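Asks: Right, I'll just put the structure down here and ask away after.
The values are calculated or read from the model by the stated rules, or taken from the named source; none is laboratory data. Owing to the predicted nature of the structure, the values given are computational and were not obtained by experimental measurement. FYI the Cβ positions are ideal-geometry reconstructions off the backbone, even for glycines, and counts take in every protein chain you see. Only protein heavy atoms, including side chains, enter the accessible area calculation; ligands, DNA and RNA are left aside. Shrake-Rupley method; radii C 1.70, N 1.55, O 1.52, S 1.80 Å.
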Amino acid sequence: DAVFEEAGDWGDDSNWRVAPSILSVSVRGVRGASVLHGLKDVVAASTASACHSDGGGVSGVLAAIGVPEEFARGTLRLSVGEETTEEQVGRAVEAIVGEVKRLWKEEGMKGM
């Protein structure tokens, strides 16, 4: 899927040990806040950690690990818990992919 081709994978393979219930997804060509707005009734997510929730630009952590700005601005932070089901994760993936594609289309981003 084109959305996954435009998604970034940052950090190293040890990251899952630090916070196995948190996933940071970066997509080029969208603003995370715009994606969240379109998902407000479907997926609970944020664009930053609680300590960086002031909305003041790109996270210092993302910048420090070398995430390019065009991806960092499209980063979503998702969390799961003990009660989260695979079905819920699947619905969240579908909703996020659909919203990113809608935004790309709205912005005229052909080929994405």
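Asks: Averaged per residue, what accessible surface does segment 58-112 expose to a 1.4 Å probe, in Å²? Present the calculation step by step, with values, prior to reporting the outcome.
Replies: Details: 3700 Å² over 55 residues.
Per-residue value: 67 Å².
Asks: So, R0 is 35 Å and r is the distance between the beta-carbons of VAL97 and VAL61; what FRET efficiency does that work out to, to 0.05? Provide the component values of the computation, followed by the final result.
Replies: Working: r = 25 Å, r/R0 = 0.71.
With R0 = 35 Å, the Cβ-Cβ based efficiency is 0.90.
Asks: What does the extension gain come out to for VAL80 and LYS105, with contour length at 0.36 nm per residue minus their alpha carbon separation? Spell out each step's value before the answer.
Replies: Details: separation 25, 0.36 × 25 = 9.00 nm, distance 2.92 nm.
In short, 6.1 nm is gained.
Asks: Continuing with this model, one more query. Name the long-range amide H neighbours of SER46: under 5 Å, sequence gap of 5 or more, or other chain; modelled H, no Pro or chain starts.
Replies: ARG77
Asks: Also, quick follow-up: Just to check I understand the Karplus step: with θ = phi - 60° and J = 6.51 cos²θ - 1.76 cosθ + 1.60, what whole-Hz values come out for segment 34-45, glycine and proline as x?
Replies: 5, 4, 4, 4, x, 10, 3, 9, 10, 10, 8, 8
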